[in-house]
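Visitor: Below you will find the structure I want to go over with you.
The values are calculated or read from the model by the stated rules, or taken from the named source; none is laboratory data. Owing to the predicted nature of the structure, the values given are computational and were not obtained by experimental measurement. Using ideal geometry, Cβ is built from the backbone for each residue, glycine included, and neighbour counts are taken over all protein chains shown. Note: areas computed on protein heavy atoms with side chains; ligands, DNA, RNA excluded. Shrake-Rupley method; radii C 1.70, N 1.55, O 1.52, S 1.80 Å.
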Amino acid sequence: MRTVKRAAALTFALVAFLAMASGAMAATAPGYEEFDDCPGTDVDPTLQICVVSIVPDGHLKMGTKNTPITDPIELVGSLGPSGQMVVGKFDGGRQKVPGGLVGLTGLDWLTWIYPLSLLNVYAEAELAGTPGNPLVVPFPLPLKVKLDNPLLAPTCYIGSDSNPIQLNLIGSPEPTLTPDPNLPGVIRLTDGVLTDHTFSVPAASGCDLLGLGLIDVLVNAQAGLPSPSGNNEAVQEVHGALAALPAIYPPDGTEQ
């Protein structure tokens, strides 16, 4: 945690120096294209730093179901002096749920009627609120998870905006932070793992195409939901970058 806080302090100091030259914001500078989704000062004039975080590997265990992360999750947001994040992009990935629809419902007879390809279920993470400051520990990340399958209603979710899966992630180990030698104002984050073993998970809801709630009951019974704190686990391998906004958007024009 001390390493991350020191890096954050150094980055904010760098931003304060660069901000003296900032005025109207420009299009993304050459070489900084990975930060295209960073909200700039046209969104909020107090924003100073952009954070790009990518999770290519890990897993999310909710109740009795453990889903590996195989499709990268990406979060892009900008921070001001208060540490409040303005999100520019969140891609929660599309993770294949082991056991598919049969494993989620316990209805083995589905394999007699439908091809296996139609029984795959995918978990898609979505934000269920505003993330906290990823440069401090723990990092608050409110999520809801959509369960996607043609035989499930499009409203099938675990968690909601009003009752999210509230992760509070800590670095174990903390990412390595290294200034980019080729891009001034950029710090690279590598070799980090974010974990949380304390969150609770709400019940699934909205899954039945007929609106009767019968599938909800089956999914919750098979997945052990709702699941209290201590029964769940999030592990996210993470890499990414921090960048000073005046470096991303040079003050020589109007931001896109």
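Visitor: It is to be established whether one or more residues within the stretch 108-128 are in contact with a helix residue (DSSP H, G or I) (Cβ under 7 Å, 6 or more places away or on another chain), among the small types (Gly, Ala, Ser) and not in a helix (DSSP H, G or I).
Guide: Let us first name the residues in the stretch 108-128 that are in contact with a helix residue (DSSP H, G or I) (Cβ under 7 Å, 6 or more places away or on another chain), namely 108, 110-111, 119-121.
Those left that are additionally among the small types (Gly, Ala, Ser): none.
No, the stretch 108-128 contains no residue that is in contact with a helix residue (DSSP H, G or I) (Cβ under 7 Å, 6 or more places away or on another chain), among the small types (Gly, Ala, Ser) and not in a helix (DSSP H, G or I).
Visitor: Moving on to the next point. Could you please tell me which pairs satisfy a Cβ distance under 7 Å, a separation of 6+ or placement on different chains, a first residue in the stretch 168-197 that is over 18 Å from residue 234 (Cβ atoms), and a second residue that is among the charged types (D, E, K, R) and modelled with pLDDT under 95?
Guide: 176/191
Visitor: Exactly one condition in (1) farther than 29 Å from residue 125 by Cα; (2) at pLDDT 80 or above; (3) of a type in the set (A, V, I, L, M, F, W, C) is false for residue 52; which is it?
Guide: Answer for residue 52: the failing condition is (1).
Visitor: When the stretch 27-80 is examined, which residues are found to be of a type in the set (S, T, N, Q) and either closer than 16 Å to residue 249 by Cα or open to solvent by less than 40 Å² (accessible area, probe 1.4 Å) (or both)? Lay out the reasoning, then the answer.
Guide: Applying the first criterion (of a type in the set (S, T, N, Q)) to the stretch 27-80 yields 28, 41, 46, 48, 53, 64, 66-67, 70, 78.
Answer for the stretch 27-80, where residues must be of a type in the set (S, T, N, Q) and either closer than 16 Å to residue 249 by Cα or open to solvent by less than 40 Å² (accessible area, probe 1.4 Å) (or both): 28, 41, 46, 48, 53, 67, 78.
Visitor: Identify the residue in the stretch 164-182 that is in a loop (DSSP other than H, G, I, E, B) and surrounded by 14 or more Cβ atoms within 10 Å (Cβ to Cβ) and, among all such residues, is nearest to the chain's Cα centre (by Cα).
Guide: The first filter runs over the stretch 164-182 and keeps only residues in a loop (DSSP other than H, G, I, E, B), leaving 164, 172-175, 180-182.
From the residues that got through so far, the ones that are surrounded by 14 or more Cβ atoms within 10 Å (Cβ to Cβ) too are 164, 174-175, 180.
Details: 164: 13, 174: 17, 175: 16, 180: 24 Å.
Ranking the candidates gives 164 first.
Visitor: Sort out which residues of the stretch 221-242 are of a type in the set (A, V, I, L, M) and under 30 Å from residue 79 (Cα atoms), and write them in order of number.
Guide: Here is the first cut: in the stretch 221-242, the ones of a type in the set (A, V, I, L, M) are 221, 223, 225, 234-235, 238, 241-242.
Answer for the stretch 221-242, where residues must be of a type in the set (A, V, I, L, M) and under 30 Å from residue 79 (Cα atoms): 234, 235, 238, 241, 242.
Visitor: If we scan the stretch 96-117, do we find a residue that is under 19 Å from residue 197 (Cα atoms) and crowded, with 18+ Cβ neighbours inside 10 Å? Working first, answer last.
Guide: Step one: of the stretch 96-117, the residues under 19 Å from residue 197 (Cα atoms) are none.
Checked against the condition, which is being under 19 Å from residue 197 (Cα atoms) and crowded, with 18+ Cβ neighbours inside 10 Å, the stretch 96-117 yields no hits at all.
Visitor: Could you go through the stretch 202-224 and let me know if any residue there is open to solvent by less than 30 Å² (accessible area, probe 1.4 Å), modelled with pLDDT of 95 or more, within 21 Å of the chain's Cα centre (by Cα) and closer than 22 Å to residue 85 by Cβ.
Guide: No, every residue in the stretch 202-224 fails to be open to solvent by less than 30 Å² (accessible area, probe 1.4 Å), modelled with pLDDT of 95 or more, within 21 Å of the chain's Cα centre (by Cα) and closer than 22 Å to residue 85 by Cβ.
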